[in-house]
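Chemist: One structure, pasted below without further comment.
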C-alpha cells in the first residue's frame, strides 16, 4: 500500500470509527458489532504505526470513545480511565505475552515470576466510585477517559456498590455496571406485554438505565456491577499496598463490592489460552454479558516496569470474541410493505437465543441479499445480530439441505392492499419493488408511526401498538385524523383509560405547533430528511409554497439534488397530498414560519456580517428554530450546510447536539451557542 492509499484509508477509518463511537458510547445505539468496530480500530492503529507521518494526536486511537453528557454535571477523573488494546486471535495473544515477558526479563525479572491473570471482560458501562472516610461521595461514568458524568445518585441504586465501607478508607475503584441477563429478559417481557419498544441488548439497557435523570428509573432496572481494580487511595487502613491483582480483587471483595472472577493466575502461556477458551465456551451460560477475556500482569510492580502508552497500558490486553452466531431453521419469508411503499422480505425463524434475546425474525433487506446468500425457505441458516442489535442472516448451511427447500419469489401484488407492485430503479443499486397506492394500510400504519416520531411531530406516547389500535378501531385514516380524536374514543381502546387519553390528546395538541420543517419531514417524503426539510422551509417559508414550486425551483435549493426535487414535486402533485394538507390546516397545524421570524422575505435587507462564513446547525436552540437561524444566516450573507467539514466556519449548537458537535470538536471548528450567534449580529 502506498502512503497516498494509506492516507485515504486512514481518513475513511477515522470517520467510520468516530461515528460508530458516538453511537455506541453517547447514544447507546450502535450500528455495528463490537467485534467489527475493534477490527477497524486495530486496522487504523496498524496503519498509523506503519506510516508515522499519518498519525495525528486527534486520531480516535489516542482517546476513549465517549464524552460527557450535557444532562449531568461533568467530573474530571483523578486518574485517567483508559481502555485496553485488543487482540483477535490466539496468535496475537501469544505475541503480546512474549513481547511483554521480553520487556520484563530484560529488566531483570525471572521468567518463572511473570504471572498472568485471566478474567471475563464484562460488556457494560465503565464507572469509577470514590469514597471519603468510607462513604461513597462520587460515582462517575468514564466519558472520554478524562471527563465523565456525575451519576452518583443513580449508582447508589446499583447492587454490589456499598454506600458505606466497613472501614473509613479514602479510595477510588473502577468497575463495569451491567444488567443481568435474567433482569434483561424480564424487563423485555414486560415491555412486550405493554406494547412498548424492547431493549436491544443488555449493554444498551444498562447504559440507558444508568443515565436516567430520575434515579428511581435506574433502580427499577436492577443493575449490578463487577469491580476490577482500584485507582487511587489505599485498600488498607494502615496504608499497605496490595502486591498483586489477585490480592487486590480479594481485598475489594472483603470491602463489600461485587468483584470480577479471576479464571486463572499462571506463568504458562498455554494455560492463558486455555482459560480464554474456557471463558468463551461459557459465554452463553453466564448470567451476565461478556465480549472478551482480559489478560493482565498479576504483579503490580511488574506493571510499572511494562509501562503504558498515552492510550493503553502495555501490561494488559483484551481478547475479543467474534460476534455470537447460531444456526436455526428458516421457516418462511414474509413480504412486508414499509412506510414509503418499498417491499422488504422478512425471514421467519425457528426461535433461537442470540446476544441476550430470543430471535424469531430477521430482515433480508432485498432480493439481492436473498440471491447472493442463496437463502431458501426450509434452509438451516446462520444468524447473528449486527451491532448486537439487528438480527441478520449470514447465509445458509448448504450441506444440511434435504432437497425440500423452496427458493423465494417476490409477489406481483402488494400483500397489504392487493395493488400491483412496480420496480423502482431509484431504490439502491438494483432497485426495489414498490407499492404506489397511497391508501395502502401497511403504509398508513408505518407512516403514522413516522409522523409521530421524535424528529417529526414528536407526539409523546403514540407508539406502534397505539397507532395500530387507532387504525384497527377506524379512528384514523390519515395523519390529520390524529388532530380530531375524541377523548372517549381513545379512552375506550385497550390499555388506555382517561388519564392515558388525556396525555395523548395533550401531546397531539402540542404537536400542532411543531413548525413547518418538522411537519414537512413528518409527511415522509422520500429522500427528505430532517436537514432537507429545514433547508426547504428556510427557502420557501411554508409547506403551502411547495405546492407551486417547480422542480427547477426545488433543485436550485442548496443541498437539494435532482432526485429529491423530483420526489418532492411528485408528492405535492398527488391529489391525496392536497386533501391531507387541507385537513391539517383546518385542524390548526402550523404550516408556515411566523411573520417576523428569520428573514421576512428573500429580498429583505441584511448586513454582510456573515459574508464568506459557512455554518452548520445542530441540536435545539433556546429561542429559535433551526430553519429560522438558517434564514438569518443567509439574510446576512452567510451559508448554512448540513455537514461539518474543514471548510465550516462555525457550528451553531443547541441542546441535544449529536455527532456534528463531536465532528466539529475533532476538526477544531469553533462552536457557538445562540447567545454568541446573536452577539455576532450585534444583538439583532
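Just so it is clear, none of the values below were taken in a lab; they were calculated from the coordinates. No experiment lies behind these values; they were computed from the predicted model shown. In this analysis, Cβ positions are derived from the backbone assuming ideal geometry, glycine residues included, and neighbour counts consider all displayed protein chains.
Chemist: To the nearest 10 degrees, how steep is helix 626-635 against the longest Cα principal axis of the chain, on a 0 to 90 scale?
Modeler: Its long axis makes an angle of about 70 degrees.
Chemist: If you take the C-alpha gyration tensor of segment 145-193, multiply each eigenvalue by 5 and take the square root, what semi-axes do you get, largest first, in whole Å? Intermediate results must be reported in sequence, preceding the final value.
Modeler: On the way: eigenvalues 166, 44, 19 Å².
Square roots of five times the eigenvalues give 29, 15, 10 Å.
Chemist: Using r as the Cβ-Cβ distance of residue 189 and residue 585, and R0 as 56 Å, what FRET efficiency do you calculate, to the nearest 0.05?
Modeler: According to the calculation, E is roughly 0.80.
Chemist: If you find the alpha carbon centre of segment 162-185 and of segment 543-579, how far apart are they in angstrom?
Modeler: Cα centroid to Cα centroid, the span is 56 Å.
Chemist: Extension gain residue 19-residue 454, at 0.36 nm per residue separation less the Cα-Cα distance, in nm?
Modeler: Working: separation 435, 0.36 × 435 = 156.60 nm, distance 2.08 nm.
Using 0.36 nm per residue and subtracting the Cα-Cα distance, I get 154.5 nm.
Chemist: Please give the contour-minus-distance gain from residue 231 to residue 544: 0.36 nm per residue of separation, less the Cα-Cα distance, rounded to one decimal in nm. The partial results should precede the final answer.
Modeler: On the way: separation 313, 0.36 × 313 = 112.68 nm, distance 6.11 nm.
My answer for the length gained is 106.6 nm.
Chemist: Ok, one more. Give me the angle, in degrees from 0 to 90, between the Cα long axis of helix 575-586 and the longest principal axis of the Cα atoms of the chain, rounded to the nearest 10.
Modeler: The helix 575-586 is inclined about 80 degrees to the chain.
Chemist: Quick check: the distance between the Cα centres of segment 513-539 and segment 260-313, to the nearest angstrom?
Modeler: Taking the Cα centre of each part, segment 513-539 and segment 260-313 sit 51 Å apart.
Chemist: I need to check one value: relative contact order of segment 96-191, counting alpha carbon pairs closer than 8 Å and at least 6 residues apart, in percent. Display every interim value, and only then the final one.
Modeler: On the way: 107 pairs, mean separation 26.9, N = 96.
Worked out over segment 96-191, it gives 28 percent.
Chemist: May I ask for the angle, rounded to the nearest 10°, between helix 562-573 and the longest principal axis of the chain, with both axes built from Cα atoms and the value confined to 0 to 90°?
Modeler: 50 degrees
Chemist: With labels modelled as points extended 7 Å from the Cα through the Cβ direction, what inter-label distance (nm, one decimal) is found for residue 170 paired with residue 573?
Modeler: 7.6 nm
Chemist: Take every Cα pair under 8 Å in segment 135-210 that's 6+ residues apart, average their separations, divide by the length, and report that relative contact order as a whole percent. Each step should come with its number before you reach the end.
Modeler: On the way: 55 pairs, mean separation 18.3, N = 76.
Here the relative contact order equals 24 percent.
Chemist: So if R0 is 35 Å, what FRET efficiency would residue 251 and residue 105 give, r being the distance between their Cβ atoms, rounded to the nearest 0.05?
Modeler: Values: r = 29 Å, r/R0 = 0.83.
The pair residue 251/residue 105 has a calculated efficiency of 0.75.
Chemist: How far apart, in nanometres, would the label points at residue 135 and residue 423 be if each is projected 7 angstrom from Cα along the Cα-to-Cβ direction?
Modeler: 7.4 nm
Chemist: Further question: Would segment 218-314 count as rounded, prolate or oblate if I go by the C-alpha gyration tensor, calling it rounded below 1.5 in a/c and otherwise prolate when a/b exceeds b/c, oblate otherwise?
Modeler: Numbers: a/c = 1.74, a/b = 1.08, b/c = 1.60.
Cα axes put segment 218-314 in the oblate bin.
Chemist: Over the chain, what is the relative contact order in whole percent, taking alpha-carbon pairs under 8 Å and six or more residues apart? Kindly include the intermediate steps, with their values, before the conclusion.
Modeler: On the way: 1247 pairs, mean separation 64.6, N = 684.
Computed value for the chain: 9 percent relative contact order.
Chemist: Bin by bin, in steps of 20 Å, what percent of the Cα pairs in the chain do you find, going until the bin that has the longest distance?
Modeler: Once binned at 20 Å, the Cα pair distances of the chain give 15, 44, 34, 7, 0.
Chemist: By the gyration tensor of its Cα atoms, with a ≥ b ≥ c the square roots of the eigenvalues, what is the shape of segment 441-511: rounded for a/c under 1.5, prolate for a/b over b/c, or oblate? Don't skip to the answer; put the middle values down first.
Modeler: Working: a/c = 1.64, a/b = 1.17, b/c = 1.40.
Oblate shape, in that a/c is at least 1.5 and b/c is the bigger or equal ratio.
Chemist: How much length would be gained if the chain were fully extended between residue 215 and residue 675, taking 0.36 nm per residue of separation minus their Cα-Cα distance, in nm to one decimal?
Modeler: Details: separation 460, 0.36 × 460 = 165.60 nm, distance 3.21 nm.
Result: 162.4 nm gained on full extension.
Chemist: I'd like the distance separating the alpha-carbon centroids of segment 135-150 and segment 329-355, in whole Å.
Modeler: Each part reduced to its Cα centre gives a spacing of 42 Å.
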